[in-house]
Structures are given as C-alpha cells and as structure tokens.
Amino acid sequence: MNLPRITILATLLLTGPAAAQLQITPPATTPSPPAEKQKPKAPPPAKKKEAAPAPKSSASPKPAASPKPQLPATVIPAPPADTPGVDLVFGAYQRGQYKTAFDLATARAQAGDPKAMTMLGELYSNAMGIRRDYAKALEWYKRAADAGDREAMFALAMLRISGRGGPVDKGEAVKLMASAAKLGEPKAAYNLALLYLDGQTLPQDVKRAAELLRQAADAGLPEAQYALATFYKEGTGVPKDPERAVRLLQAASLADNVDAEVEYAIAMFNGTGTPKNQPAAVALLRKASRQGSAIAQNRLAWVLINGMGVPADKIEGFKWHLVAKTAGKGDPDLDKQLSDLPAEDRAKVEAAARKWLGTK
C-alpha cells in the first residue's frame, strides 16, 4: 500500500515584508562573535492551501496549470564586506545588543558605509533597539541601495510593494528586485519569480519564474529549492523531471524546510524519483510532525496505525490523527477507525493528544 502523494496547489499572496523579511548577514571575511541571544524570529507567513488526495489513494491528481508557491524567503550570506567595522556591528546585532548595533552602525553609516546603512534600515524596520520607523528605514535602505548594496535594494523593494514608509510603488519595487537579483541576491530572485507567477504586477511567465527560482535555488535558498522541485515534479516551466525534483526536495529538507521534508518523505516512501526507503521516510515524517505540519501528522498517523514501514502503533498513530485534526487536517476514515477502538485505548489516545497539545 503506497502512502498518498501530495500535489502542491498554492495561491500566491505577496504582501508586506512578512513575505521575505530582510535579515542582515555577516561579512564573509571575518568570523562573527559567538551568539549570546537569538534574534526573535519573524512570525511565519500564512500556510499554503494544500489539495491533498484521500489517504488511501496512490495516484497523483492532475498537475495544476500554473502552480503559484507561496513561500518565505530566508537569509543568504552577503558578499564579503570591505569595511572592517561592519563585523563589529553585526556581532552586536547577532548577540541581540541592538542598541549597540544601532550606535555602531550610525557611526559607520555617517562615514559612508552601505552595509551599515542597510543595518540601520533593518533596525528601524523591525524596532530593534529603536522605535519602529518605516520612513527612516526606507531612507537608510535607499541610501544603501543607491550605493549598490543588493540586500538594501531587496529590502527597499519590499517596503515599496507593501506601502510601508511611503506610497505603494510596484514599478519601482520590480526594478529594485530585478537589480538585486542581477547582483546575486537570492531573496530578490525568489520574490521576483513569485511576481511572474502571480501575473498581476508582471505578466505571467512561468519559464522566467523557473529561471529565477533556479538562480535562487542554486544559491541555497530552501524555499526556492522547494518551489523549483514542484515545477520539476509537475513539468511547469521546465521539463518534467521527478529525479531532479527529489534532489531539490532533499536539499531543502536538509535546511529544515518543513514542506520539503513532507514531500521528500512521501517520495522516499513511495520510491518516486528516488530509491524506496520507508524507515527513513517515516523518520522524516516524524520530524515534520513535531515541527507542526498537519499534512505530515496525517500521513504519520496512517503509517503508524497500519504498520506501514514501521511496527504498528495505534495509540501513537491516532494521537497524531487528533493533533492533525485540531490543525484543520481532519480525516473521516481515521475518525471511523478511532471510534472502533476499545474505550480504554481511545482514552489513551485522547490523553496523548491532550499532552502534546498542552491542553487538559
């Protein structure tokens, strides 16, 4: 019995900086001081809508004509900095000493350092060590962008497209993204690809989107790797290539992209584009389930309840079914099987689910 496959049918939603939050990266020539405090993570973007087949089916649904992956962009190392003071600024930033980073960056920016200007834009934009001020963030990003900093170009584009710090200007945003992408900024290439998929700000062009996704994926951006894998899986904008899709899913999985972990696990379970390895697939489903993926939780429930690739464990399996159900991934077939359990076992399942969810 094959584990059900998932087809990605995501709807593009490119709004504010949450779609691809800029994060400052260290100069490659100088190691950063050890982190003392982790920078708070930006809230994750809204989950994509998945159109998953019924769990007992092993056939893939018909591919979408123009899939539009909605994925957050992440941090990619910046090119080496030429200014020795930037590493001190970034070190303070990494340790969570944002006021110190602000003071150091201010001095460097006044001396004409574009990386320090970008740092000030980041601090103002995210209210780190200073009151949030999008207008000032925009001003500093613009100065850095005019000086040729690709991260500032991308950040400024995101402010322009969201209308923060000034009026919405999608035309300028596109130009800035294109310039940043040309200079090798993977987040810009990725978001520009989304605009080509959306077909509103730019004419829809899936081949151009695929080229930009490949650029970002080659630079190591996990979200781009996952999106490009979907393209190769469905044959959208590129020749259909299941093996290449799986290699991209594997790369994104290694970077902890949860959606890629689920897709890669299912590919390994079914032996699609890669040798079948059900124990490894189940282990990866467990990891994605613990990371909160309702799709993974539902698939894990099926394999544990039915002993597919691992010894059967109905209590653990139905626990994951209930957890997935609370996240909106209900499953009538599993509800029926759960109702057939002895009352004592149902009580164990419900207690295990409550414990995981932190409810009484």
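Please verify whether V168 is more than 19 Å from D218 (Cβ to Cβ), aliphatic (A, V, I, L, M) and without any contact (Cβ under 8 Å) to a residue 12 or more places away in the chain, treating the condition exactly as stated.
Here the answer is yes, as V168 does meet what is asked.
Identify, please: which residue in the stretch 193-209 is touching a Phe, Trp or Tyr at 6+ places or on another chain (Cβ under 9 Å) and in contact (Cβ under 8 Å) with a residue 60 or more places away in the chain and is, among those, surrounded by the most Cβ atoms within 10 Å (Cβ to Cβ)?
Top of the filtered list is V206.
Taking the stretch 81-110 as the region of interest, how many residues are assigned to a loop (DSSP other than H, G, I, E, B) and either more than 20 Å from R143 (Cβ to Cβ) or at pLDDT 95 or above (or both)?
Looking only at that region, the number is 4.
Against the conditions (1) modelled with pLDDT under 95; (2) in a helix (DSSP H, G or I), where does W302 fall short? Just the number, please.
Among (1) modelled with pLDDT under 95; (2) in a helix (DSSP H, G or I), the lone unmet condition for W302 is (1).
Restricting the stretch 98-111 to residues that are closer than 23 Å to M158 by Cα and surrounded by fewer than 24 Cβ atoms within 10 Å (Cβ to Cβ), which is nearest to the chain's Cα centre (by Cα)?
Ranking the candidates gives Y98 first.
Determine, yes or no, whether Y124 is without any contact (Cβ under 8 Å) to a residue 60 or more places away in the chain and surrounded by 24 or more Cβ atoms within 10 Å (Cβ to Cβ).
In short, yes.
Spot the failing condition for W320; the list is (1) under 29 Å from T359 (Cα atoms); (2) part of a loop (DSSP other than H, G, I, E, B), and only one is missed.
(2)
Among (1) out of contact with any helix residue (DSSP H, G or I) (no Cβ under 8 Å at 6 or more places or on another chain); (2) in a loop (DSSP other than H, G, I, E, B); (3) not aliphatic (A, V, I, L, M), there is one condition T274 misses while meeting the rest; what is its number?
(1)
Name the pairs: first residue in the stretch 293-313 and closer than 13 Å to D333 by Cα, second residue in a helix (DSSP H, G or I) and not hydrophobic (A, V, I, L, M, F, W, C), Cβ to Cβ under 6 Å, at least 6 apart or on different chains?
Going by the 6 Å Cβ cut-off, the qualifying pairs are A301/G317; A301/H321; I305/K314; I305/G317.
So, of the residues in the stretch 317-357 that are exposed (fewer than 14 other Cβ atoms within 10 Å of the Cβ) and within 25 Å of the chain's Cα centre (by Cα), which turns out to be farthest from A294 (Cα to Cα)?
Looking at residues that are exposed (fewer than 14 other Cβ atoms within 10 Å of the Cβ) and within 25 Å of the chain's Cα centre (by Cα), I get L357.
On the given criteria, is A127 modelled with pLDDT of 50 or more and either within 25 Å of the chain's Cα centre (by Cα) or within 30 Å of S293 (Cα to Cα) (or both)?
Here the answer is yes, as A127 does meet what is asked.
Matching residues to (1) hydrophobic (A, V, I, L, M, F, W, C); (2) assigned to a helix (DSSP H, G or I); (3) in contact (Cβ under 8 Å) with a residue 40 or more places away in the chain; (4) out of contact with any strand residue (DSSP E or B) (no Cβ under 7 Å at 6 or more places or on another chain):
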position: S179; (1), (2), (3), (4): no, yes, no, yes
position: N191; (1), (2), (3), (4): no, yes, yes, yes
position: E211; (1), (2), (3), (4): no, yes, no, yes
position: G220; (1), (2), (3), (4): no, no, yes, yes
position: G237; (1), (2), (3), (4): no, no, no, yes
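When the residues of the stretch 234-269 are narrowed to those that are among the acidic types (D, E) and surrounded by 24 or more Cβ atoms within 10 Å (Cβ to Cβ), which ends up nearest to K287 (Cα to Cα)?
Looking at the filtered set, the residue picked out is E261.
The values are calculated or read from the model by the stated rules, or taken from the named source; none is laboratory data. Worth saying up front: this structure is predicted, and the values here are computed from it rather than measured. Here Cβ is always computed from backbone atoms with ideal geometry, including for glycine, and neighbour counts include all displayed protein chains.
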